[in-house]
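Colleague: Right, I'll just put the structure down here and ask away after.
Just so you know, all these numbers are worked out from the coordinates, no wet-lab data involved. Quick caveat: nothing in here was measured; it's all calculated off a predicted structure. Here the Cβ is made from the backbone with ideal geometry for all residues, glycine too, and neighbour counts use every protein chain on show.
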Amino acid sequence: MKELSPALLSSALEEKIRARLSELSVQLDQLVAAYLSRLHREIENLSLEISLINKHAADTRKKIKLLSQLLKTLERIQIRPEKGRRKDLKKIDSLIGYLSEQLEKESKELKVSSFVLSLERQIKQ
C-alpha cells in the first residue's frame, strides 16, 4: 500500500472534517427544532393548566394569589433573544419547569381535581 504524501493526507483529513461538521450542522438543526417544539408544547400546557385552574379552583383568594405570583415570576425573567445565548434558553427551560411544578403543587392545594384537569386537557388537544 502506498503512503500518502503529507499534502494529500491533510486534504483527505480536511475533507472528512468538513463532512463531519456538515453532519453536525444538520443534527444541530434537528435538535433545535425538537427542543423548540418541546418548549412550545410545554408553554401551551402551562397556559391550558392556568386556564383550567382559573376555571375550576373554588378558593378565589388563593387562586388570585397564585396567578399574581406566576405573573411576577414571568415578569422578572430577563431574556435577550437578539443575543442568541444558551443561558437564555436555559432560563426559559428552567422557568417552564418551575412554573409546571408550582401549578402542580398549587392545583392540589386549590383542590382542583387532577382528573378534571387531565380530562379537559385531552378535550382541548
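Colleague: I want the local charge near R86. Using Cβ-Cβ distances under 15 Å, sum +1 for each Lys or Arg and -1 for each Asp or Glu among the other residues.
Modeller: Taking every other residue near R86 into account, the sum is +3.
Colleague: Based on the Cβ-Cβ distance of E15 and R86, what FRET efficiency does E = 1/(1 + (r/R0)^6) give at R0 = 25 Å, to the nearest 0.05?
Modeller: That gives a FRET efficiency of 0.25.
Colleague: With N denoting the number of residues in the chain, provide Rg(C-alpha) divided by 2.2 N^0.38 Å, to two decimal places. Spell out each step's value before the answer.
Modeller: On the way: Rg = 23.9 Å, N = 125, 2.2 N^0.38 = 13.8 Å.
Relative to the rule-of-thumb radius for its length, the chain sits at 1.73.
Colleague: Express in whole angstrom the spacing between the alpha-carbon centres of region 33-73 and region 89-109.
Modeller: Here the answer is 9 Å between Cα centres.
Colleague: Can I ask one more? Between Q30 and I64, 0.36 nm times their residue separation minus their Cα-Cα distance comes to what? Spell out each step's value before the answer.
Modeller: On the way: separation 34, 0.36 × 34 = 12.24 nm, distance 4.01 nm.
The span from Q30 to I64 would gain 8.2 nm if fully extended.
Colleague: Hey, which of these cross-link pairs are over 26 Å Cα-Cα: K65/K91; K62/K83; K62/K87; K83/K105; K16/K91?
Modeller: K62/K83; K62/K87; K83/K105; K16/K91
Colleague: Sorted by average packing, counted as other Cβ atoms within 10 angstrom per residue and highest first, what order do 81-93, 60-72 take?
Modeller: 60-72, 81-93
Colleague: Spelling out what I want: for every residue of region 64-71, take phi, set θ = phi - 60°, compute 6.51 cos²θ - 1.76 cosθ + 1.60 (Karplus), and round to whole Hz; glycine and proline get x.
Modeller: 5, 4, 4, 4, 5, 5, 4, 5
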